[in-house]
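Derivation of every value follows stated rules applied to the coordinates shown; laboratory data play no part. From a predicted model like this one, the values you see are computed outputs, not experimental measurements. All Cβ positions, even for glycine, are placed from backbone atoms using ideal geometry, and neighbour counts span all protein chains on display.
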């Protein structure tokens, strides 16, 4: 197979507004280094992390919610530490989600892998790196908003599924984040509250928690309640309503913000709280008396055991979880896709097709 020398991609040129996303048709096709594979990307999807990385929201200089500057950015205030692991190198091709086909391999990789349909593990430790090293696909290395991309061989997992590329691309980032939270919490047949339940991670958590036999309460807007019930939620509540006290064994929180103390009150003694997001704001007030008098466990969840993603692939292949794709855009329309994402009127994921 003859590969082109250049490809189409959307390139992030710096932290800031949507204007920092540039359509290019002359980006060199990456070459797989030793231990890597080259993937022809079929589809990707939009995630909160794409927006947050673009704006530089991960910076400690930022104290507001994720929507406060999602269109314009922070005017350089977060350039020094605006990504997952500190300063980001530009230009960068984003896209944490990737479904595609292996079309070439680097030295040391079995050439029999060429032709495999794969999903990319979005959060991982680079091969041979320190134990706590973290790479997010589309942040610390180029991701799926391009016709071709590379990744370490071990992080491109073969997938055998009748689902389309766009459906499969809805899984990696959101579902692995949700499954990572669930595995960190050791969730079983318990009562769980999921905040931000209509988003990509939240709706994934509903399915994955139900898969484990949990009784799921989903916090959302009234317009999305019926859809979440269809997805498997046992109970739904308006996100503005008060939480019942001592009602849940586990809270899976993606929201944070000023109502955060109420979530700890909603946990039973020895309850577990897990967070992997803070769309309503990262700065919260903690009453240590609540923490120690209730014997609570607070868990942050970003790094994932490798089994999280291999388990996820097995769930997909067994048909135990299902894609939730609200809309689909072409790669050239990525700015419009992010605008639609920021409206928060959808449930699930906004997909991005790469070809064309």
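The table for this structure:
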quantity	calculated
Shape category assigned to region 1-56 from the gyration tensor of Cα positions, a/c cut at 1.5	prolate
Pair-distance profile P(r), taking every C-alpha pair of region 233-274, with 10 angstrom steps and integer %	28, 62, 10
Within a Gaussian network of the chain (alpha carbon springs, distance under 10 Å), most fluctuating of 153, 287, 65	287
Ellipticity estimate at 222 nm from DSSP helix runs (n ≥ 4, -39,500 (n - 2.57)) divided over the chain, nearest 500	-6500 deg cm²/dmol
Relative exposure of 217, 6, judged by other C-beta atoms within 10 Å (fewest first)	6, 217
FRET efficiency estimate (nearest 0.05) - Cβ-Cβ, residue 113 to residue 238, R0 35 angstrom	0.10
Angle in degrees between helix 172-185 and the longest Cα principal axis of the chain, rounded to the nearest 10	40
Among (1) 19.8, 65; (2) 20.8, 64; (3) 18.4, 54, the entry that matches Rg and Dmax of the Cα atoms in Å as calculated here	(1)
Helix axis angle, 200-211 relative to the chain longest principal axis, alpha carbon, degrees	70
Kirkwood estimate for region 56-100, i.e. one over the average of 1/r between Cα atoms, Å	11.6
Among 174, 61, 43, residue whose mean-square fluctuation peaks in a GNM of the chain (springs only between Cα atoms under 10 Å)	61
Cα-based equivalent ellipsoid of region 174-300: semi-axis lengths in Å, sorted from largest, via gyration tensor	21, 16, 14
Angle between the chain longest axis and helix 334-343 axis [Cα atoms, degrees, rounded to 10]	10
